[in-house]
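One structure follows; several queries about it will come next.
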Amino acid sequence: MLLAAPAAHADPLLDGGKLVLTNGISSIEGSSGGGLASWATIGGMETDRGIGISAHVTEIELADYGWQSHGASIGIKDRVELAYARQNFDTRKVGAALGLGEGYKFNQDIFSAKVRLIGDLVYGPPLLPQISIGLQHKRSLDAAIVKAVGASSPNGTDFTVSATKLFLQQSVLVNATARLTNANQFGLLGFGGPDQRARSLQFEGSVAYMLTPRLVIGGEYRTRPSNLAIAREDDAHDLFVAWAFVRNATITAAYANVGSIATFDGQRGGLVSLQFAF
């Protein structure tokens, strides 16, 4: 499936020249990619001639919890991405069972940066993917509680290396990400613990198929460390559909399964995310 590039905008600063959906969506941690995984993509609709911006809000309804993320990013000449996200995790009735109080919310701020090293998502040699390195610095706003559950620290930094390629003729996107992390439940329960203090290498994989130039379906799988003695942590996966209903706005819906959270198994449910990108 071949996609036509849009006409260039008059303003070279916000040129908006990327093909629709090739900027990815905002992940739950703010960086561009899929819902669960970080990709090598750079946020915003800019090409190598301008600057792009994007903003998102994401809601996840799990069996016993509610999860909300919102944030914004800036892409600079399709080379550098800087992003921020706030995650709010509502324990609802589980909060009372855990001794935190019903409806207690865990919160964290995530500051991320990503740099494209080589390759291009769409163009260039077909077997050379776009490769980016990144970091995500996460700061829990519930330091006393995450320390009480056994976390070594309320703050931590993940490091990522991602390779992503869109095979236009086959309408298929493939991504693989290696993440060095010691985050507990994506960082919401701090970092490290009695079972593992140091960072370990984890994997994130994504495959997507373009039904049309504006409609994509796919799935992701993300492994995670299990550092806390009080509860195991499972790998996460999702199945998603993303629709660019206008050029600068994308809505994503997904079935997400994150396994066990704080001894409560079967945490699966629906994800809905809205992103605006220029």
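The values are calculated or read from the model by the stated rules, or taken from the named source; none is laboratory data. Fair warning: this is a prediction, and the values are worked out from it, not measured in the lab. Reconstructed Cβ throughout: ideal geometry from the backbone, glycine too, with neighbour counts over all protein chains shown.
Taking Gln136 as meeting all but one of (1) exposed (fewer than 15 other Cβ atoms within 10 Å of the Cβ); (2) touching a helix residue (DSSP H, G or I) at 6+ places or on another chain (Cβ under 9 Å), write down the number of the exception.
Just one mismatch for Gln136, condition (1).
Something else about it: Out of Asp78, Asp64, I need the residue that is in a loop (DSSP other than H, G, I, E, B), at pLDDT 95 or above, within 30 Å of Asn257 (Cα to Cα) and of a type in the set (Asp, Glu). Which one? First the steps, then the outcome.
Values: Asp78 fails: within 30 Å of Asn257 (Cα to Cα).
Selected residue: Asp64, the only one of Asp78, Asp64 that is in a loop (DSSP other than H, G, I, E, B), at pLDDT 95 or above, within 30 Å of Asn257 (Cα to Cα) and of a type in the set (Asp, Glu).
Do we have Leu228 as touching a residue at least 40 places away in the same chain (Cβ under 8 Å), within 18 Å of the chain's Cα centre (by Cα), assigned to a loop (DSSP other than H, G, I, E, B) and more than 19 Å from Gly35 (Cβ to Cβ) here?
Details: touching a residue at least 40 places away in the same chain (Cβ under 8 Å): yes; within 18 Å of the chain's Cα centre (by Cα): no; assigned to a loop (DSSP other than H, G, I, E, B): yes; more than 19 Å from Gly35 (Cβ to Cβ): yes.
No; evaluated as a whole, the condition is false for this residue.
Take Gln275 and decide whether it is touching a Gly at 6+ places or on another chain (Cβ under 7 Å) and among the polar types (S, T, N, Q). Break it down stepwise before answering.
Values: touching a Gly at 6+ places or on another chain (Cβ under 7 Å): no; among the polar types (S, T, N, Q): yes.
Taking the combined requirement at face value, the residue does not satisfy it.
Is there any pair with a first residue in region 44-56 that is touching a residue at least 24 places away in the same chain (Cβ under 8 Å) and under 21 Å from Gln87 (Cβ atoms) and a second that is among the aromatic types (Phe, Trp, Tyr) and not in a strand (DSSP E or B) whose Cβ atoms are under 9 Å apart and which are 6 or more apart or on different chains, and what are they?
Correct list of pairs: Ile53/Phe278; Ser54/Phe278.
Another one. Any chance you could count how many residues in region 248-271 are touching a residue at least 12 places away in the same chain (Cβ under 8 Å), farther than 20 Å from Ala83 by Cβ and surrounded by fewer than 15 Cβ atoms within 10 Å (Cβ to Cβ)?
Total meeting the criteria: 5.
Then there is this: Can you name the residue in region 21-71 that is out of contact with any Gly (no Cβ under 8 Å at 6 or more places or on another chain) and hydrophobic (A, V, I, L, M, F, W, C) and, of all such residues, is farthest from Leu215 (Cα to Cα)?
The extreme case among them is Trp67.
What are the residue pairs meeting all of these: first residue in region 105-122, first residue closer than 14 Å to Ala83 by Cβ and in contact (Cβ under 8 Å) with a residue 40 or more places away in the chain, second residue part of a strand (DSSP E or B) and of a type in the set (Asp, Glu), Cβ atoms under 6 Å, and 6 or more apart or on different chains?
Lys114/Glu81
Quick one: which residue in Ser273, Ser200 is hydroxyl-bearing (Ser, Thr, Tyr) and more than 17 Å from the chain's Cα centre (by Cα)? Working first, answer last.
Numbers: Ser273 fails: more than 17 Å from the chain's Cα centre (by Cα).
Result of the check over Ser273, Ser200: Ser200.
Right, another one. List, please: which pairs have Cβ atoms under 7 Å, are six or more places apart or on different chains, and start with a residue in region 133-153 that is closer than 30 Å to Gly119 by Cβ and end with one that is acidic (Asp, Glu) and in a loop (DSSP other than H, G, I, E, B)?
From residues that are closer than 30 Å to Gly119 by Cβ, the pairs are Gln136/Glu29.
Can I ask one more? If we keep just the residues of region 139-185 that are assigned to a helix (DSSP H, G or I) and on the phi < 0 side of the Ramachandran plot, which is surrounded by the most Cβ atoms within 10 Å (Cβ to Cβ)?
Of the residues in region 139-185, the ones assigned to a helix (DSSP H, G or I) are 143-148, 185.
Among the residues that remain, those that are also on the phi < 0 side of the Ramachandran plot are: 143-148.
On the way: Ala143: 14, Ala144: 8, Ile145: 18, Val146: 26, Lys147: 14, Ala148: 13.
Here the residue is Val146.
May I pose another question? Only one residue in Arg86, Arg79, Arg49 is surrounded by fewer than 21 Cβ atoms within 10 Å (Cβ to Cβ), among the charged types (D, E, K, R) and within 13 Å of the chain's Cα centre (by Cα). Which one? Quick ask: steps written out before the conclusion?
Working: Arg79 fails: within 13 Å of the chain's Cα centre (by Cα); Arg49 fails: within 13 Å of the chain's Cα centre (by Cα).
Arg86 is the lone residue from the list that is surrounded by fewer than 21 Cβ atoms within 10 Å (Cβ to Cβ), among the charged types (D, E, K, R) and within 13 Å of the chain's Cα centre (by Cα).
Just checking, does region 105-127 include any residue being in contact with a Gly (Cβ under 8 Å, 6 or more places away or on another chain), in a loop (DSSP other than H, G, I, E, B), of a type outside the set (A, V, I, L, M) and surrounded by 14 or more Cβ atoms within 10 Å (Cβ to Cβ)?
Checking region 105-127: not a single residue is in contact with a Gly (Cβ under 8 Å, 6 or more places away or on another chain), in a loop (DSSP other than H, G, I, E, B), of a type outside the set (A, V, I, L, M) and surrounded by 14 or more Cβ atoms within 10 Å (Cβ to Cβ).
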